[in-house]
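Here the structure comes first, spelled out in structure tokens, and everything after it is commentary.
The values are calculated or read from the model by the stated rules, or taken from the named source; none is laboratory data. Predicted, not measured: the structure shown is a model, and the values here were computed from it. The area values use the complete protein model at the heavy-atom level, side chains included, leaving out ligands, DNA and RNA. Shrake-Rupley method; radii C 1.70, N 1.55, O 1.52, S 1.80 Å.
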Amino acid sequence: MQHLTGQPNIVEFKGAYEDRQSVHLVMELCAGGKLFDIIIAQGHYSERAAAAICRAIVNVVHICHFMGMMHRDLKPENFVLSSKDDTSTLKATEFGLSVFIEEGLISPEISHLSNLVSLDLSRNRGAEFTQDGFDSLVQNLTKLQKLHLSISPYVDCMGDSLTMTFIFLWENSNLNGNFPRFSENNSLINLDLSFTKFSGELPCGQIPPSIGNLTNLYGLYFSHNQLEGAIPSPENENGFSSLSFVRLGYNLFNGTIPSWLYNLPSLVELDLSHNKFIGHIGEFQFDSLEKIDLSMNELHGSIPTSIFELVNLSSLKLFSNNLSGVLETSKFEKLINLTYLDLSNNMLLLTMSVHSNSMLPNIQILDLSHNNISGILSWNVGKDTLCYLNLSYNLITSSMSVLDLSSNNFGGMLPHCLGNFGKDLSVLNLRRNQFHGTIPQTFLKGNSIKTLDFNGNQLEGQVPRSLINCRELEVLDLGNNKINDTFPHWLGALPKLHVLVLHSNNFHGHIEFSKIKSPFMSLRIIDLAHNDFEGDLPEMYLRSLKAIMNIDEGNNTFTTIDLSNNKFQGEIPECIGNLNSLRGLNLSNNYLIGHIPLSFKNLKMLESLDLSSNNLSGRIPQELTSLMFLEVLNISQNHLTGFIPQGSQFLTFGNDSYYKNSGLCGFPLSKRCTTDEVLEPSQEIEPEFEIGIDWKITLMGYGCGLVIGFSLSYLISLSGKLEWLVRFIHKNIHKKIKRNKRITHRRGARRS
């Protein structure tokens, strides 16, 4: 009692006093009466009130066990209330039978609980029965149906006869002795003796015949022992109608697999792995199986055809046997639920069927290594699910041209042999995975790789210089990684490189002058955005981009340059204007100064231009209105001044295109231009216009009516001058906006 002092639901022990005749115990005064008497008087409790009482009782049990004690006499008569108030506290008393718990020992008194139906002492490492404690438990607890002693209690001997429904004794490394006998009509459902120390041959060299009496058996688990000999047939082979799980793996069983195991109508899982079984695999008579593991035996012959009829099969492990024969991929058509297939370390042949391009749609792990598979492998499996594939040590002639493992959850480091491409592989796509570490540094000569896509991983280190051996490389995408390197200028020697993406990495430094005469001549897409490049824009490389020059307007080849979000400085080179087939140009978020180059007027195919967030100054060239395909323009957050060009696509851009350029004026900004700010007409001699109708100009006048549109088109074709049209459209657009506002205001007033 003194050990439990201070606990709110246990009566307080105040002290002990001794005189010549007696020992006096001074206890806390609890005037509320016993719980038993109160329950009788109350007669009825609400659910809330009953829950409060039960919570207090359970708290007492928890405190006692936590303090290493057992009360051993919990009943309503041994609980009292501290007072007669409604808010009084329930307290446990009468600790006369209580004892301290002896660590490591299971109390022998547990065998006195003759009405016990379930006993779970599992996961008590270090606990053990007293001498004869386990025998007493089995003999006395005649009503016990479920016994769970897994992992921990020290049990050194099994009884001769067991009558329980569930027996779990797995991971009792000291368990040994005779195998139990089972009486007729035994109700045992689960028998788990896995991970024990049963060894040698089973009694009489077999599982005892009495196991045939277990007609209700659902699970039979003898794995991870040292049992040996043959598995015999029980006296009543038809008695196992409910047997669903058979796990006899990791023993020393030998002989052939008994025929009765193939005839179980409810069998879900069969594990005979890591034994010494010989002979052929028989034909399964029922299709209930979901998992088969016969690996690490000495089985031979072919794989039975019945296995390929098991439509519920999810795992098939037959590795490390002596299986042979020819497998057609069409045999796997019905195994649509298979996620794990391991046929490695056998002598199997595999042939491709004509209609087997899409087999095993849900496969996750596929291991066919160490077989005699030869020829060309073109089996499309697990397109969205495959996470492990091993075809090593075969005679496969790889004709695989595309390996696409993108958008999965693959992780780990890329294998060093990754650069040893076969002559047929042209596309390797590993984007959007979880690979880390460095890119393999060895790419062999003579490969045919055209596309390398490692975008969206966590790769680090430097760009391997051996990529120079990939002479057929057209696309290199290393974006969205953690690569820390300077600009790989030596890639400029790759003659067919069309796409270079280094977006969002840790590239840094100046882009230095290249010793290569004409670097990146075939490059059409270059994305260096979101790095730490600095210095002037790489004018030499921009002059060498021959593939972005002089492409016909009818050519739909996409071309773009993105150097945004770096630390580039200086002026924008005029040579960019030579890239007259460029469709996208993004130089935003740098430290560029100077004017927008007049040469940009030559970018006739340009669809998107972003020069925002720099330090550009001066006027916007009026000549940019000739860019008829320009759909996106962003020159915001600069220091531009003067009149915004009017005409063509410039009439479609909103305020956001010019945001934070306080010196700009004119449509669409609300700031009007003064006479001095209006752009002077170009002094260049305009080429003669052929007389005809320009449909772009016709559509510009459509807002004022189709007739005016035709008229404008005709007049412009005669005059060849655009300035008056810009002013005319500008003026009419403002009038039309004001008119629409007045109409809207009047309608709103009428409704109100």
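A few points about this structure:
- At q = 0.13, 0.14 Å⁻¹, base-10 log of I(q)/I(0) for the stretch 480-619 (Debye sum, equal scatterers on each alpha carbon): -0.53, -0.62
- Accessible area of LYS660 in the full protein assembly, 1.4 Å probe (Å², nearest 10): 120
- Given LYS14/LYS34; LYS567/LYS604; LYS450/LYS482, the pairs whose alpha carbons are separated by over 26 Å: LYS567/LYS604
- Here the Debye sum runs over all C-alpha atoms of the stretch 388-527 as equal scatterers in vacuum, and log10 of I(q)/I(0) at q = 0.09, 0.22 Å⁻¹ comes out as -0.27, -1.61.
- Near the amide H of LEU227, within less than 5 Å, lie the amide hydrogens of LEU252, all on another chain or at least 5 residues away, with H placed in the peptide plane.
- Accessible-area rank, largest first, for LYS334, LYS84: LYS84, LYS334, with all protein chains present and a 1.4 angstrom probe.
- Rounded to whole Hz, the Karplus (6.51, -1.76, 1.60) HN-Hα couplings of the stretch 281-293, x for glycine and proline: 7, x, 8, 7, 8, 10, 9, 7, 4, 10, 9, 10, 9
- The listed residues MET27, MET69, once ranked by accessible area (1.4 Å probe) with the largest placed first, stand as MET27, MET69.
- In this view, the solvent-accessible surface of CYS64, computed with a 1.4 Å probe and all protein chains in place, comes to about 0 Å².
- Rounded to whole Hz, the Karplus (6.51, -1.76, 1.60) HN-Hα couplings of the stretch 426-443, x for glycine and proline: 10, 10, 10, 10, 10, 5, 6, 10, 10, 5, 9, x, 9, 6, x, 8, 10, 10
- Percent carbon-and-sulfur accessible area, the stretch 559-679, ignoring ligands, DNA and RNA, probe 1.4 Å: 48
- Placing MET347, MET352 in order of accessible area, with the largest value first and a 1.4 Å probe, yields MET347, MET352.
- Over the stretch 392-528, relative contact order from alpha-carbon pairs under 8 Å, at least 6 apart, %: 17
- ASP384 contributes about 120 Å² of solvent-accessible surface, heavy atoms of the protein only, 1.4 Å probe.
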